[in-house]
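*Asks:* A single structure is presented below for examination.
The values are calculated or read from the model by the stated rules, or taken from the named source; none is laboratory data. Given the structure is predicted, the values throughout are model-derived calculations rather than measurements. With ideal geometry, Cβ positions are generated from the backbone for all residues, glycine too; neighbour counts draw on all protein chains shown. The protein model used for the area step is the full one, side chains on, heavy atoms only, and it has no ligands, DNA or RNA in it. Shrake-Rupley method; radii C 1.70, N 1.55, O 1.52, S 1.80 Å.
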Amino acid sequence: MGKDVIIALDFPGREETLAFLDRFTGKKPFVKIGMELFYAEGPQIVREIKRRGHKIFLDLKLCDIPNTVKGGMRSLSQLDVDMTNLHAFGTIAMMEAALEGLTRPDGTRPLLIAVTQLTSTDQMRMEKELLIEKPLPEVVMHYAELARTAGLDGVVCSPLEAGEVHRRCGENFVTVTPGVRFAGGDTGDQKRVTTPEKARELGSDYIVVGRPITQAEDPVEAYERCLQGFVG
């Protein structure tokens, strides 16, 4: 599987998003559309960015009863995205229902991956606020194995966990890893972070990078720097 950098388009609306993408003359980076942009602009922004030739990871993290998630995924299947996701803690039944809803009548579908634990979560918060007392890496691996059992294509996890996910779930089980920052950069609200170079070394398939690129003085240069560090 080829490695790639996914830029998180965490902008409040269409104008800012397209102005940002316009800076990438002759380039079509893989991008992530998350809740902020999708809730502001709806499916149309997905279609517009897709028409521009970008691969899209639609990051909405669905989690509800199985039938509701199945219906939601059926709706999302009509958008020509390349990858979408849900929360693994919604249970195997929910993940199986999501997979069924996402699969189109002709058998095609985007990649479906499951969020294990958010990279803003650390051991203390997981224990005190979520009442999960197992070690965080063990929880991540358990959720990854549930996703594999449900038939999903991979997981969202920290780069720190990517190698072990591959060892347990297979080399073709996709690891999409946020929590990536340049050396010496501000980690913001992220807790489990690495550099692009370290993420490559640890076995991430895709890294998701937002603010270090989108808020850079020269976003294109920051993207190229990130790409060079991760892909080589």
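*Asks:* Filter region 1-34 for residues that are open to solvent by less than 80 Å² (accessible area, probe 1.4 Å), touching a residue at least 24 places away in the same chain (Cβ under 8 Å) and in a helix (DSSP H, G or I) and give the result.
*Replies:* Result: T17, L18, F20, L21.
*Asks:* Say whether the condition of being among the hydroxyl-bearing types (S, T, Y) and in contact with a Pro (Cβ under 9 Å, 6 or more places away or on another chain) is met by at least one residue in region 91-112. Before you say what the answer is, go through the steps one by one.
*Replies:* Just the residues of region 91-112 that are among the hydroxyl-bearing types (S, T, Y), to begin with: 91, 103, 108.
Retained after the next criterion (residues that are in contact with a Pro (Cβ under 9 Å, 6 or more places away or on another chain)): 91.
Yes, some residue in region 91-112 is among the hydroxyl-bearing types (S, T, Y) and in contact with a Pro (Cβ under 9 Å, 6 or more places away or on another chain).
*Asks:* Within region 141-161, which residues are modelled with pLDDT of 95 or more and either buried (at least 24 other Cβ atoms within 10 Å of the Cβ) or closer than 22 Å to K198 by Cα (or both)?
*Replies:* Answer for region 141-161, where residues must be modelled with pLDDT of 95 or more and either buried (at least 24 other Cβ atoms within 10 Å of the Cβ) or closer than 22 Å to K198 by Cα (or both): M141, A144, A147, L152, G154, V155, V156.
Matching residues to (1) closer than 22 Å to G2 by Cβ; (2) small (G, A, S); (3) modelled with pLDDT of 95 or more; (4) open to solvent by less than 20 Å² (accessible area, probe 1.4 Å):
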position: G163; (1), (2), (3), (4): yes, yes, yes, yes
position: H166; (1), (2), (3), (4): yes, no, yes, yes
position: G170; (1), (2), (3), (4): yes, yes, yes, no
position: T175; (1), (2), (3), (4): yes, no, yes, yes
position: G179; (1), (2), (3), (4): yes, yes, no, yes
position: A183; (1), (2), (3), (4): no, yes, no, no
position: T187; (1), (2), (3), (4): no, no, no, no
position: Q190; (1), (2), (3), (4): no, no, no, no
position: T195; (1), (2), (3), (4): yes, no, no, no
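*Asks:* State whether the residues of region 65-77 include one that is within 19 Å of V208 (Cα to Cα) and surrounded by fewer than 15 Cβ atoms within 10 Å (Cβ to Cβ). Explain how you work it out, then say what you get.
*Replies:* As a first pass, look at region 65-77 and keep what is within 19 Å of V208 (Cα to Cα): none.
Among the residues of region 65-77, not one is within 19 Å of V208 (Cα to Cα) and surrounded by fewer than 15 Cβ atoms within 10 Å (Cβ to Cβ), which makes the answer no.
*Asks:* Another one. So, G210, is that one surrounded by 16 or more Cβ atoms within 10 Å (Cβ to Cβ) and within 12 Å of V180 (Cβ to Cβ) or not?
*Replies:* yes
*Asks:* Could you check region 192-219 and list, in sequence order, the residues that are part of a loop (DSSP other than H, G, I, E, B), over 20 Å from R167 (Cα atoms) and touching a strand residue (DSSP E or B) at 6+ places or on another chain (Cβ under 6 Å)?
*Replies:* Selection gives G210 alone.
*Asks:* While we're on this one: Could you check F57 against (1) more than 25 Å from L18 (Cα to Cα); (2) aromatic (F, W, Y); (3) crowded, with 22+ Cβ neighbours inside 10 Å and say which number it fails?
*Replies:* Unmet for F57, out of (1) more than 25 Å from L18 (Cα to Cα); (2) aromatic (F, W, Y); (3) crowded, with 22+ Cβ neighbours inside 10 Å: (1).
Results for (1) among the charged types (D, E, K, R); (2) without any contact (Cβ under 8 Å) to a residue 60 or more places away in the chain, shown as yes or no for each residue.
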residue	(1), (2)
E48	yes, yes
H54	no, yes
F57	no, no
P66	no, yes
G71	no, yes
L86	no, yes
L111	no, no
V115	no, yes
K128	yes, yes
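*Asks:* Residue check: is L131 touching a strand residue (DSSP E or B) at 6+ places or on another chain (Cβ under 7 Å) and among the aliphatic types (A, V, I, L, M)? Can you show your working first?
*Replies:* On the way: touching a strand residue (DSSP E or B) at 6+ places or on another chain (Cβ under 7 Å): no; among the aliphatic types (A, V, I, L, M): yes.
For L131, the condition - touching a strand residue (DSSP E or B) at 6+ places or on another chain (Cβ under 7 Å) and among the aliphatic types (A, V, I, L, M) - is not met.
*Asks:* (1) of a type outside the set (A, V, I, L, M, F, W, C); (2) more than 27 Å from E16 (Cβ to Cβ); (3) at pLDDT 95 or above: which one isn't true of G42, the others all being true?
*Replies:* Among (1) of a type outside the set (A, V, I, L, M, F, W, C); (2) more than 27 Å from E16 (Cβ to Cβ); (3) at pLDDT 95 or above, the lone unmet condition for G42 is (2).
*Asks:* Pick from A93, A114: which is open to solvent by less than 70 Å² (accessible area, probe 1.4 Å), touching a strand residue (DSSP E or B) at 6+ places or on another chain (Cβ under 9 Å) and either modelled with pLDDT under 95 or under 22 Å from T149 (Cα atoms) (or both)?
*Replies:* The conditions single out A114.
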